[in-house]
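Below: the structure, in structure tokens.
Quick note: the coordinates plus some simple rules give every number you see, no bench work behind them. Here the structure is a predicted model, which means the values were calculated and not measured. Here the Cβ is made from the backbone with ideal geometry for all residues, glycine too, and neighbour counts use every protein chain on show.
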Amino acid sequence: MSNTEISSNKASEEGGGIFFFCYQEARDECSLELRNARVTGNRAAIGGGVKWNYRSPDPMNPDSVRDNSAEHYGKDFAAFPSRIVSIGEDLFNKYLEFQAADRLDPIKVPFDSDLTNQEYSNVQSGNVIPAYFYAVLDLYD
């Protein structure tokens, strides 16, 4: 794909601008070249700009894929969920406010909160377990 502009599109699920899907058995022959292509202002639940499953488009130029938005993860680029992080209640409430207002502005998640192990201890029968909030991040979030 060359000398192309993809903008102001909306997908209810994946790949607001481009959804690049390769079947697993053909993933070695699957390719997408983006040359002088701009992908901007698109929206999706996952991967507002470009979403792919096995092979990333070539070249991956963050300057030409920008200002897209995603409800769940991967505002400009999305491949697959790569980690779960623990977030605070204030960040979770901000996400709910944005969702209620149909805003898909990026919400920055602190990268120092990777979830490697979460243990709940000293929880007695009948007691209230404190609320914990988590976010799923893409390879590029």
| field | Sorted peptide list for 122-132, 39-49, 61-71, 9-19, criterion being average Cβ within 10 angstrom, highest first | value | 39-49, 9-19, 61-71, 122-132
| request: With a cut-off of 17 Å, note down the residues of region 14-42 whose backbone N falls inside the zone around a label point 7 Å from the Cα of Asp63 toward its beta carbon. | output: 34-40
| remark: Pseudo-spin-label distance Ser31 to Ser56, built 7 Å along Cα→Cβ, given in nm, is 1.7
| note | Going residue by residue through region 29-38, the Karplus relation 6.51 cos²θ - 1.76 cosθ + 1.60 with θ = phi - 60° gives ³J(HN,Hα) values, rounded to whole Hz and with x marking Gly or Pro, of 8, 7, 8, 9, 9, 10, 10, 6, 10, 10
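Going through region 22-82, which chymotrypsin sites (Phe, Trp or Tyr not before Pro) have at most 16 other Cβ atoms within 10 Å and a DSSP loop state?
Of the chymotrypsin sites (Phe, Trp or Tyr not before Pro), the ones in loops of region 22-82 whose Cβ has at most 16 other Cβ atoms within 10 Å are Tyr23, Tyr54.
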| message | Checking the a/c ratio against 1.5 first, then a/b against b/c, what shape does the Cα gyration tensor give for region 2-61? | response | oblate
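Grab the Cα-Cα distance for Val123 and Ile84, subtract it from 0.36 nm times how many residues apart they are, and report the gain in nm with one decimal. Can you show the working numbers first?
Details: separation 39, 0.36 × 39 = 14.04 nm, distance 2.33 nm.
Stretched fully, the Val123-Ile84 segment lengthens by 11.7 nm.
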